[in-house]
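Take a look at the structure set out below.
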Amino acid sequence: MNLPTEVFGEVVVVHAPEEFGADQADGVSAYLGSLSQSRVVLDLDNTELLDSAGLEALLDSQDRLREAGGDLKIAASNPVNRKILEITRLDRHLEVFDNVLDAVKSFR
């Protein structure tokens, strides 16, 4: 899987796919693990489907990135995705920001 990315110094922004479910979870997780940077912002703004497999992939990716000395932060202005993160209480485990710029700046 190849996802659109942008690099801001030592931080890479990855734009999640439109569907982030069981069929994409392993690919997204593998892609995040293959990046040379360990400071990653995952942009969920254009993600229309986010299910339990996608959420599990977020936590697994965060664990691997932290082991590598980095972290995973989430940018989500999409109210549906923010609500999913709140209901599942993953917003207590993952840092969630209103936009990509704030998430990138949080690494400084």
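Looking at the range 11-33, is at least one residue free of Cβ contacts under 8 Å to residues at least 24 places away in the same chain and hydroxyl-bearing (Ser, Thr, Tyr)?
Within the range 11-33, none of the residues are free of Cβ contacts under 8 Å to residues at least 24 places away in the same chain and hydroxyl-bearing (Ser, Thr, Tyr).
Scan the range 36-58 residue by residue and report those that are under 21 Å from GLY69 (Cβ atoms) and at pLDDT below 95.
SER36, GLN37
Please count how many residues of the range 83-108 are part of a helix (DSSP H, G or I) and of a type in the set (Lys, Arg).
Within the range 83-108, residues that are part of a helix (DSSP H, G or I) and of a type in the set (Lys, Arg) number 3.
Do you know which residues across the range 26-46 are within 20 Å of LYS83 (Cβ to Cβ) and more than 11 Å from the chain's Cα centre (by Cα)?
The one that is within 20 Å of LYS83 (Cβ to Cβ) and more than 11 Å from the chain's Cα centre (by Cα): ASN46.
Out of the range 1-24, which residues are within 11 Å of the chain's Cα centre (by Cα) and within 16 Å of LEU65 (Cα to Cα)?
Of everything in the range 1-24, those that are within 11 Å of the chain's Cα centre (by Cα) and within 16 Å of LEU65 (Cα to Cα) turn out to be VAL12, VAL13, VAL14.
Within the range 67-82, can you find the residues that are assigned to a loop (DSSP other than H, G, I, E, B) and in contact with a Leu (Cβ under 7 Å, 6 or more places away or on another chain)?
ALA76, ASN78
Within the range 54-90, can you find the residues that are more than 22 Å from ALA22 (Cβ to Cβ) and within 14 Å of the chain's Cα centre (by Cα)?
ARG66, GLY70, ASP71, LYS73, ALA75, SER77
Look at the range 15-41 and say how many of its residues are touching a Phe, Trp or Tyr at 6+ places or on another chain (Cβ under 9 Å) and within 16 Å of VAL104 (Cα to Cα).
Of the residues in the range 15-41, 2 are touching a Phe, Trp or Tyr at 6+ places or on another chain (Cβ under 9 Å) and within 16 Å of VAL104 (Cα to Cα).
Kindly indicate the residue of the range 1-44 that is assigned to a helix (DSSP H, G or I) and of a type in the set (Asp, Glu) and also farthest from VAL96 (Cα to Cα) among those meeting that condition.
ASP23
The values are calculated or read from the model by the stated rules, or taken from the named source; none is laboratory data. Computed from a predicted structure; not experimentally measured. Methodologically, a virtual Cβ is constructed for each residue, glycine included, from the backbone with ideal geometry; neighbour enumeration extends over all protein chains shown.
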